[in-house]
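Worksheet for the structure shown next.
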Amino acid sequence: MDKETYTFQTEVGRLLDIVAHSLYSHKEIFLRELISNASDACDRLRYDALTNPDLIAGDSDFAVTLSRDRTARTLSVADNGIGMNHDDLVETLGTIARSGTQAFLDRLTGDASKDMALIGQFGVGFYSSFMVSKSVEVLTRRAGEDQAWRWTSDGKGQFTVEAAERPARGTTVTLHLADAEDEFLEEARVRQIVKTYSDHIGIPVVLEDGDKRETLNTASALWTRPKSEIDADQYKEFYHHVGHTFDDPWLVLHNSVEGVLSYSNLLFVPSTAPFDLFHPERKQHVKLYIKRVFITDDSDALLPGYLRFLRGVVDSEDLPLNISRETIQHDPKIAKIRSGLIKRVLGELGKKADKAPDEYGTFWDNFGAVLKEGIYEDYDNREALMGLARFQSTRDEGLVGLDDYVSRMRDGQDAIYYITGDDLEHVGRSPQLEGFKARGIEVLLLTDAVDEFWIPAVASYKDKPFRSVTASGADLAKVAPAETPDEPTDKAESADAAGLDALIAALKEALGEAVKDVRASERLTDSPVCLIAEEGDMDMHLERLLRQHRQLGAGLAIKRILEINPSHPLIRRLAEVAAAGDGAPPLTDAAHLLLDQARIIEGEPVEDPVAFARRLAAVMERGLTTPA
């Protein structure tokens, strides 16, 4: 077969440029990444050989072998794992089929110090080879196949693939080192890198020098060792290996369970949010082993979707080695392991929340929106998850838990109040909050899309119902206005009752079917108007979300209630006009402008921009006209 030339996927080209310019001060990690990939290839072949032993016939001792050629200035990393064929090479080394890739690239700044943290959330794997190489060659042969293949590239836009010869299965990555990279030909430097970054690898990492072969790592699965024998650096490097990332773990959970069902787990909570956290597929990244044999790293039976930020391994002594990835989903032993892992993780998170609230706040900023999916989905662990939940609120004192909120509810307050929206700045300035603030009633500010779904699912917390401040039914009169010695509460003058009734009648007539009702408001103190939902109707923010995602038809708009503030000077003046009985044209224009104002405040577009502009011009003209 003739040599084929391919162009890298655009994202790969950008990533290679980033690697060359942003990671140079950490260039030794290329060896860690290549050894991790080689180890994974051996793990995958070991699993496939459970059902097809011929794949490893004659060569069942897995190893990663490092070799140096000073004359040719090459460093090679070889394994006897599963290997690749032609299509594997093109797809695996020519593209990045990873969710979040474009988001990652869009967030890069070009500043190496800043981009390093972002790269740490993404990982670069094989492409880190080009930090130290003029060119890279991959010679590989897939287990069970006879044909070998050679992939070569200088990392500058193209790569080639051609048929080749390799005596046995596996992959050899050969780096033709750049002129300034002699350090990676030094035995002492290679030893130091392996000891620092790859000591935890569960298969031997061997340094080959002529006829001499020396194992450089401990070569035992880290999770099988006693915790007393493992230091923080070893945990960190294992996390880098298993998570294929650069950040440090925020929390390490290492324990063994013995009894009717025995298993070990070594799990990590990242310190930064991975880029695929909100990908629709919600893939897991915890590896399942059985008796130290890798089975899968993508099973939603092992952990629920709301814990998909975890990285690490779970190793069972009791599951059968011949279990298939398909039957794992329905295995009762897996279900028991899953239950135990969830309780362990949530318990450890609870301890962090109690002992280190500031640290926990950072964790919540990263992963809170994901954990809240569990409140909606996982009835059995709902209470624990709600205890872990943290929220921004109108108290503006950092994150608050539901227990703290309930403990400081005002006398007469019978519900947990909240408001949903797209961002804190917008919801924090909502006019619906005015009456609650005036009475010292704390309101939770919810800005995650999942908030619209878990709150209806739970309805209440410790017998206190959740109630949206944008819905009718809040009896604020039962809670006394907040007063402090420095800020006495003055009752603003309200519109005359007769005039207010006349105004409401005029607004209803002018607006017709555009609103469900027009009412005097208890919740407004500063703003003239706001929109609220009738009790039992869909929340306004949820309606907007569904419409944005085309899950609600254009003709299914839900009519809202227009509330007016009887104490606002504008409403008082309009009430006087209505009471006089001769202001039909001005009141009609005012009615529609008030409704449009309320819509704009909610982040909604006005329904008729031309009519809005015409009415606004007419009102301004009347206001500027000098009486004769």
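A short reminder: the numbers here are calculations on the coordinates, not readings from a lab. Just so it is clear, the model here is predicted, and its values are computed rather than measured. Backbone-built Cβ (ideal geometry, glycine too); neighbour counts: all protein chains shown.
Quick notes on this structure:
- Length-normalised contact order of the chain in % [C-alpha pairs under 8 Å, at least 6 apart]: 9 percent
- Each Lys or Arg adds one and each Asp or Glu subtracts one; over the other residues with Cβ under 11 Å from the Cβ of S76, this totals -3.
- Rule-of-thumb Rg ratio for segment 156-230 [Cα; 2.2 N^0.38 Å; N residues]: 1.46
- Working from label points 7 Å from Cα in the Cα-to-Cβ sense, the E397 to K195 distance is 5.2 nm.
- Stretchable slack from T588 to K355, in nm (0.36 nm times residue separation minus alpha-carbon distance): 77.9 nm
- Overall dimensions of the chain as given by Cα atoms, namely Rg and Dmax in Å: 32.1, 110
- Relative contact order, percent, segment 147-297 [alpha-carbon distance under 8 Å, six or more residues apart]: 11 percent
- FRET efficiency estimate (nearest 0.05) - Cβ-Cβ, D2 to D300, R0 51 angstrom: 0.70
- The reciprocal of the average 1/r between distinct C-alpha atoms defines the Kirkwood hydrodynamic radius, which for segment 242-310 equals 13.2 Å.
- Here segment 367-449 has an Rg and Dmax of 13.2, 38 Å, counting Cα atoms alone.
- The fewest-to-most ranking of H241, H176, H330 by surrounding Cβ atoms within 10 Å reads H330, H176, H241.
- Computed over neighbours whose Cβ is under 13 Å from that of S264, the net charge equals +2, Lys and Arg +1, Asp and Glu -1.
- Inter-probe distance in nm under a simple model that places probes 7 Å from Cα toward Cβ, at E187 and D248: 3.4 nm
- Structure-based [θ]222 nm, the chain - -39500 (n - 2.57) summed over DSSP H runs of at least 4, per residue, nearest 500: -11500 deg cm²/dmol
- Here the simple spin-label model places points 7 Å from the Cα toward Cβ, and for R614 and E281 these points are separated by 5.4 nm.
- Cα-based Rg of segment 224-355 normalised by 2.2 N^0.38 Å, two decimals: 1.02
- Sites E535 and E208, calculated FRET efficiency, Cβ-Cβ separation with R0 51 Å, nearest 0.05: 0.10
- Each of L503, L288 has some number of other Cβ atoms within 10 Å of its Cβ, and from fewest to most they run L288, L503.
- The chain - share of DSSP beta bridges that are antiparallel (%, nearest 5): 75 percent
- Extension reserve of the R519-F453 stretch, reckoned as 0.36 nm per residue once the Cα distance is removed: 20.9 nm
- Normalised by residue count, segment 301-447 yields a Cα convex hull volume of 133 Å³ per residue.
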